[in-house]
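Reviewing the structure listed below.
The values are calculated or read from the model by the stated rules, or taken from the named source; none is laboratory data. Small disclaimer: the values here were computed from a predicted structure and weren't measured. Glycine gets a Cβ as well: all are built from the backbone with ideal geometry, and neighbour counts include every protein chain shown.
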Amino acid sequence: MPKSLLRRIMERYRWNAGDLGDPRAVYQLSLRVGVSYQAMCVSLIRHKWIDQQTLDRLMKTSPKTIKAHLLDGVVLEDPWADVWSLSEADHDGEIEAGPNDIFLLKLREHGGSGYLWNADDLVRLGFIVERHEGPLAVETVGSALTRCWKISADFPSEGYLNLEERRPWQADDVIGQFNLAYSLWGKEAGIPRFQRPLLRAA
């Protein structure tokens, strides 16, 4: 895990040195890099971005505890599944996750002005969509609030997600977009996936 890669991801999500003491941030960082939470903790101290005391505190917090906190205490059916926190910072990005992973998508929504996120694309792509409301901003006329969806798939797939924030009665009046490329195949086993079509063709 080179420093340049970690630094690039941290800049994208606006995480700073202080955030590396937060198990939730370190867990999300590990998901973006594609390594275990424990491996990420060890990498951070090797790069001297955290001290031993911080490492000890991070290692005392298990991924299971972090995931339960993100899901407000709900226990995952698949204990190996991960919980991704997605936001505007993930716009135009890509993620590689597992088929049983849970996604908490939080986006600012200008509902007071009539602009709403159209989540139809989520359903069209086969995702299971639930509301998972967290703390929302106090809405005044014309102000934005944070809308949160709990999304799951429970089957391997890949594709491109495109959501639009617009007034339902004005399809061409778009003030926000969220685009994300995703692969929900999980960790590879055996022959790499990109080689399998070539072997079948042969």
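Which pairs do you get when a residue that is among the hydroxyl-bearing types (Ser, Thr, Tyr), found in region 139-159, comes within reach of a residue that is at pLDDT below 75, reach meaning Cβ atoms under 8 angstrom, with the pair 6+ apart or on two chains?
Ser143/Ala137; Thr146/Gly134; Thr146/Pro135; Thr146/Leu136; Thr146/Ala137
Taking interchain pairs and intrachain pairs at least six residues apart, which have beta carbon atoms under 8 angstrom, with the first residue in region 170-183 and farther than 30 Å from Gly34 by Cα and the second assigned to a strand (DSSP E or B) and not hydroxyl-bearing (Ser, Thr, Tyr)?
Matching pairs, first to second residue: Asp172/Arg166; Asp173/Arg166; Val174/Glu164; Val174/Glu165; Val174/Arg166; Ile175/Glu165; Ile175/Arg166.
Kindly provide the set of residues from region 1-27 that are without any contact (Cβ under 8 Å) to a residue 60 or more places away in the chain, closer than 15 Å to Met59 by Cα and not acidic (Asp, Glu), ordered by number.
Leu20, Gly21, Pro23, Ala25, Val26, Tyr27 - these are the residues of region 1-27 that are without any contact (Cβ under 8 Å) to a residue 60 or more places away in the chain, closer than 15 Å to Met59 by Cα and not acidic (Asp, Glu).
Quick one: which strands (runs of 3 or more DSSP E) sit completely within region 131-202 and have at least 1 residues that are modelled with pLDDT of 90 or more, farther than 24 Å from Asp78 by Cα and of a type in the set (S, T, N, Q)?
Values: elements: 145-152, 158-166, 174-183.
So the answer is 158-166, 174-183.
Within region 94-107, work out how many residues are out of contact with any helix residue (DSSP H, G or I) (no Cβ under 7 Å at 6 or more places or on another chain) and assigned to a strand (DSSP E or B). Show your work before the answer.
The first filter runs over region 94-107 and keeps only residues out of contact with any helix residue (DSSP H, G or I) (no Cβ under 7 Å at 6 or more places or on another chain), leaving 94-103, 105-106.
So of that shortlist, the ones also assigned to a strand (DSSP E or B) come out as 94-96, 102-103, 105-106.
Residues that pass the stated criteria total 7.
When you check Gly21 against the structure, is it under 26 Å from Asp101 (Cβ atoms) and touching an Asp or Glu at 6+ places or on another chain (Cβ under 7 Å), yes or no? Before the answer, list the steps.
Numbers: under 26 Å from Asp101 (Cβ atoms): yes; touching an Asp or Glu at 6+ places or on another chain (Cβ under 7 Å): no.
Judged against the criteria, Gly21 is not a match.
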